[in-house]
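Student: What follows is a single structure, and I will ask about it in a moment.
Nothing in this text is a laboratory measurement; each read-out follows from the coordinates by a stated rule. Computed from a predicted structure; not experimentally measured. Cβ sites come from the backbone with ideal geometry, for glycine too, and all protein chains shown count toward neighbours.
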Amino acid sequence: MFRVLKTEGRARRGEFSCAHGGLVQTPVFMNVGTQAAIKGGVSAFDLQEIGCQIELSNTYHLHLRPGDQLVRRMGGLHKFMNWDGPILTDSGGFQVFSLASLRKIKEEGVYFSSHIDGRKIFMGPEESMQIQSNLGSDIAMAFDECVENPAQYDYAKASCERTFRWLERCKAEHDRLNSLPDTVNPGQMLFGINQGATFADLRAWHMREIAKIDCDGFAIGGLAVGEPAEVMYEMIDVVEPFMPREKPRYLMGVGTPSNIIEGVSRGVDFFDCVMPSRNGRHGKLFTWEGTVNILNEKYAADARPISESCGCPVCRRFSRAYLRHLFKADEVLALRLAVLHNLYFYNELMTRIRQALDEGTFADFRVRYSGRLEERA
């Protein structure tokens with residue numbers, strides 16, 4: 001399923017395989033298609049062209065609309081969105097954080113009010129596993145609670161303990177579902193999630209405990225939710241020594257190009273974030289020379305591509321002037337082109353990270369690019 005091919009310091013170069021698609025090369029960035037589509041008009045066919053290896057979709061949102069039972073009847077998420085590569089589904093645990101005003105947490109699970117129509121929804125570990133089984137994703141994430149930062153220590157401790165108990169329930173239900181004869185994807189994997197807010201002792205304790213459960217991989221959750229980047233890096237440093245060496249490691253919801261480079265340097269294999277698509281839809285574009293705000297007046301008559309060093313389908317065909325015009329004219333095409341460019345950049349970032357690891361030059365790559373990619377071009 002996963003093997004580490006090479007290391008440089010704590011950074012790992014590996015390969016991952018699952019029920020769909022070929023070998024995934026790691027470190028990898030998962031392109032976020034929350035509702036089985038990338039916001040900005042990007043399809044599964046586009047994902048192939050821009051180098052996406054794993055697509056990520058949202059359990060909670062697909063449960064609400066169109067409904068996981070419908071997706072199951074359509075043959076699972078792969079057939080529904082016509083994507084034959086690996087898919088990871090999050091558990092709905094992040095919505096415990098992001099929809100705090102619409103939910104109530106109890107030992108059995110979480111009671112939500114739908115953000116769409118207000119109807120009452122219950123989701124616990126078993127329900128989350130059942131929904132993800134219906135979707136047929138390759139990687140199901142355990143149901144957890146993502147605690148806001150800063151958090152009260154006593155609450156974070158109680159949440160950690162409950163998330164551990166939830167993982168035990170997720171594992172039992174996941175194993176049961178995979179054994180059923182009519183399961184959409186009997187090869188579906190389960191990743192456990194480490195929590196603990198920004199408390200080092202809780203993070204370490206929780207990682208030691210969940211590592212005892214036979215999951216297929218482990219994630220670090222509850223970061224990049226308001227704490228400074230240095231605190232996030234500190235928490236990764238605390239957790240990483242207790243993460244099983246032979247299993248993939250996933251830093252959830254992260255992040256900027258610099259965050260990813262720093263995460264790789266600390267031993268992380270999987271990343272995801274809405275940042276490239278969300279920023280693209282607002283005209284902020286990532287390049288190897290730094291960030292570009294395409295809405296700026298100085299690009300009004302600029303015939304150059306977004307980046308002359310970029311090989312994406314947008315930079316091969318269109319100018320900065322044209323893309324800026326599309327944004328100013330409120331043309332939907334602007335969103336599509338900007339998102340395509342940014343996702344291509346993120347996938348290319350991972351390609352170059354892997355190449356540097358292959359060549360033993362990742363330390364130099366980190367020094368050259370970790371800060372530079374955050375600056376304005």
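Student: Relative to the present Cα-Cα distance, how much length would full extension add between E148 and T351 at 0.36 nm per residue of separation? Display every interim value, and only then the final one.
Tutor: On the way: separation 203, 0.36 × 203 = 73.08 nm, distance 3.26 nm.
Result for the pair: 69.8 nm of gain on full extension.
Student: Charges on Cβ only, +1 for Lys and Arg, -1 for Asp and Glu, centred on the Cα centroid of segment 2-273; of A37, F242, F271, which one is farthest towards the dipole's positive end?
Tutor: A37
Student: Could you tell me how many degrees, from 0 to 90 and to the nearest 10, lie between the Cα long axis of helix 125-135 and the main elongation axis, the longest principal axis, of the Cα atoms of the chain?
Tutor: On a 0 to 90 degree scale, this one is about 50.
Student: Note down the relative contact order for the chain as a percent, whole number, built from C-alpha pairs under 8 angstrom at least six residues apart.
Tutor: On the way: 765 pairs, mean separation 66.5, N = 377.
For the chain, the relative contact order is 18 percent.
Student: Taking the Cβ of each residue in S179, S265 as the centre, tally the other Cβ atoms inside 10 Å and list the residues starting with the fewest. Provide the component values of the computation, followed by the final result.
Tutor: Numbers: S179 9, S265 20.
Final ranking by Cβ density, sparse to dense: S179, S265.
Student: Return the loop-located trypsin sites (Lys or Arg not before Pro) in segment 77-146 (DSSP other than H, G, I, E, B) with at most 11 other Cβ atoms within 10 Å of their own Cβ; answer none if there are none.
Tutor: When the trypsin sites (Lys or Arg not before Pro) of segment 77-146 are filtered for loop state and at most 11 Cβ neighbours within 10 Å, R119 remain.
Student: If you don't mind, another one. Looking at segment 103-216, I'd like the Rg to Rh ratio, where Rg is from alpha-carbon atoms and Rh is Kirkwood's inverse mean 1/r.
Tutor: Rg divided by Rh gives 1.00.
Student: Moving on. Once both labels are modelled 7 Å past Cα along the beta-carbon direction, what's the N296-A321 spacing in nm?
Tutor: Distance between the two pseudo-spin positions: 1.8 nm.
Student: Of all the stretches in the chain, which is the longest one without any exposed loop site, taking GluC sites (Glu not before Pro) in a DSSP loop (any state but H, G, I, E, B) with at most 13 other Cβ atoms within 10 Å?
Tutor: Longest stretch, sites excluded: 109-245.
Student: Something else now. At a Förster distance of 56 Å, what's the computed FRET efficiency of A158 paired with V332, Cβ-Cβ distance as r, to 0.05?
Tutor: The computed FRET efficiency comes out at 0.75.
Student: Also, I was wondering about something else. For I116, I260, I87, what ranking results if the residue with the fewest other Cβ atoms within 10 Å of its Cβ goes first?
Tutor: Neighbour counts put them in this order, fewest first: I116, I260, I87.
Student: Assuming 0.36 nm per residue, please report the length gained on full extension of the stretch Q48 to K79 beyond their Cα-Cα distance.
Tutor: 9.6 nm
Student: For T7, put the label point 7 Å out on the Cα→Cβ axis and report which residues of segment 236-267 keep their amide N under 16 Å from it.
Tutor: Only 237-250, 264-267 pass the distance filter.
Student: Report, largest value first, the span of the C-alpha coordinates of the chain along each principal axis, in whole Å.
Tutor: Answer, in whole Å and largest first: 59, 45, 40 Å.
Student: Which percentage, to the nearest 5, of the DSSP beta bridges contained in the chain is antiparallel?
Tutor: Bridges in the chain that DSSP calls antiparallel: roughly 50 percent.
Student: Taking segment 247-331, which trypsin sites (Lys or Arg not before Pro) meet the DSSP loop condition and have no more than 13 other C-beta atoms within 10 Å?
Tutor: For trypsin sites (Lys or Arg not before Pro) across segment 247-331 that sit outside H, G, I, E and B with at most 13 neighbouring Cβ atoms in 10 Å, the list reads R316, R317.
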